[in-house]
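Just so it is clear, none of the values below were taken in a lab; they were calculated from the coordinates. In this text, all values refer to a predicted model and were calculated from it rather than measured experimentally. Neighbour counts are summed over all protein chains in view; Cβ atoms, including those assigned to glycine, are modelled from backbone coordinates with ideal geometry.
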């Protein structure tokens, strides 16, 4: 840096000397002699060369600084510090830790009560921490195929009103000066509420106090299995009394696309009839759902060319297909029998599942104390409804 400053000072001094020489040697006519011109040009060249040298040193200095710069950003944060924004409410680590401490112990300490204030209700229950609730919902999706196919919404309070176009108007050919007939759309409304679904788990105190036992994983998995199975049963066959109205309900459920000629069997032609009984716009996202017994009968069917209708999946994790549409199985679809709706085909995104926000979870510490057990009670409020019956068709077996 000192060299650059010295050269800058030397250049300024040389330039001043060149200007003074030019002023002193200029004659009365303002011209310089040839000898003076040569001397001045040499002085001017010295000034230019000094400037070039200064530029070279400055570029060298910048390049040295670039090469000496650290290639990595130094770590200034604490290794154990959490990344991102700090969670609040039921999502905090403090709440989650306190929640499970309460589940393991008989009486919460004052510190635990302070951490759980956000989740305390008037009856003494606690809302499940956010992390546990997400784990539970993910497990439901793994256990319950219906949720992966339906449209799931969240409700906070009261009924959810869903407007539905019941019928559509149409255009008409009109004679000259003729009156255009009225043709209005008619609108309906479907209400989705919340039905209570609950289950209880008992765990021995010895198992609960075992530090190796993963309480959270066990309860998540067991609640998912119980609630998921009961949900799916209602989503298919529920009658709407104290439970959701199922997609197979006689009133408010799906429409019959074809009636099989036999009571406990169906033909390839009837499968084609079911496929084309659904309007083309719905077929683009439609799926087949049936019982394992129906799948067994279906895999034996062939078309007129002797080719099996069933197409096994060639990709891991992808469902098998029938007429290029995915096939899913559920134990809650009726087995082949007289009069039952054996095969469902349609776009199940028109079945809406409404989850009431917040699942309740309670520890029953004294109820089973004489037997050395602790109870855990979980409740969920959920409803479901097919909002557009024409989007789903079923095959109904012949009545006996």
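Modelled spin labels at residue 157 and residue 191, positioned 7 Å past Cα toward Cβ, are 1.7 nm from each other. With the convex hull constructed from alpha-carbon coordinates only, region 215-344 shows a mean projected area of 10.3 nm² over all directions. Spacing of the modelled spin labels on residue 164 and residue 310, each 7 Å from Cα toward Cβ, amounts to 3.4 nm. Calculate the length of the line joining the C-alpha centroid of region 208-249 to that of region 358-400, in whole Å. That distance is 5 Å.
Cβ crowding within 10 Å, taken as a proxy for footprinting-reagent exposure, orders 290, 3 from fewest neighbours to most as 3, 290.
Taking other Cβ atoms within 10 Å as a rough exposure proxy, 320, 16 sort from fewest to most as 16, 320.
If R0 is 51 Å, the Cβ-Cβ spacing of residue 91 and residue 53 corresponds to a FRET efficiency of close to 0.20. Residues 376, 345, 236 in ascending order of nearby Cβ atoms (within 10 Å, fewest first): 376, 236, 345.
The packing ranking of peptides 386-397, 223-234, 44-55, highest mean first, is 386-397, 223-234, 44-55, where packing means the average number of other beta carbon atoms within 10 angstrom of each residue. A crude spin-label estimate for the pair residue 176 and residue 318, with each label 7 Å from Cα along the Cβ direction, gives 6.0 nm.
Once fully extended, how much extra length lies between residue 264 and residue 6, figured as 0.36 nm per residue of separation less the alpha-carbon to alpha-carbon distance?
82.4 nm
Compactness of region 300-400, taken as the C-alpha radius of gyration over 2.2 N^0.38 Å, stands at 1.70.
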